[in-house]
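Read the structure below first, then the notes.
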Amino acid sequence: MASSPELNVYKAPSSQKRTRNAHVDMTETIHKIASSPRGTPFEKRVWTALCHIPDGSFTTYALLSKHLATSPRAVGNALRRNPYAPEVPCHRVVATGGNLGGFKGKWPRNGEGITMDEKRALLRGEGVKIDGSGKVLGTPWVFGR
């Protein structure tokens, strides 16, 4: 099957392609991002990269920004404008120290707020462990491994 140029917004390394039995097939979502008039080309690259983070995993703003050769702040700004959440899983991106970071353009006060509750619920629903202080537990998922 020939690939449409607009679908090549971001290509995960072949070692990290989602498998049908292990993860949701995000091909349709990636096509929706690529063909939408919403978002800048950079935002679309970020949103498409999110589609490759496996269910039950998380990464950090720093790791995602390193993979995309940009800054964590630029990644955060693109995530803030993600119109496809939670289908395009920006909730899987957390701060380097394991803190949840922001969600839906909001940063919490002392880790509280409806958006943080929603982010925690989404992560926990996927099997990500969060300790009593609100930090995710485990090793962040790294692009390219």
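The values are calculated or read from the model by the stated rules, or taken from the named source; none is laboratory data. Small disclaimer: the values here were computed from a predicted structure and weren't measured. Please note: Cβ atoms are built from the backbone with ideal geometry, for glycine as well, and neighbour counts cover all protein chains shown.
For segment 41-65, which positions are without any contact (Cβ under 8 Å) to a residue 60 or more places away in the chain and touching a helix residue (DSSP H, G or I) at 6+ places or on another chain (Cβ under 9 Å)?
Matches in segment 41-65: Phe42, Glu43, Lys44, Arg45, Val46, Trp47, Thr48, Leu50, Cys51, Tyr61, Ala62, Ser65.
How many residues are under 12 Å from the mean Cα position of the chain (by Cα) and at pLDDT below 95 when one looks only at segment 62-77?
Adding up the residues that qualify gives 1.
Mind listing whichever residues of segment 92-145 are surrounded by 15 or more Cβ atoms within 10 Å (Cβ to Cβ), touching an Asp or Glu at 6+ places or on another chain (Cβ under 9 Å) and modelled with pLDDT of 90 or more?
Arg92, Gly98, Glu126
Between Gly56, Gly76, which is out of contact with any His (no Cβ under 8 Å at 6 or more places or on another chain) and more than 19 Å from Gly138 (Cβ to Cβ)?
That would be Gly76, the only listed residue that is out of contact with any His (no Cβ under 8 Å at 6 or more places or on another chain) and more than 19 Å from Gly138 (Cβ to Cβ).
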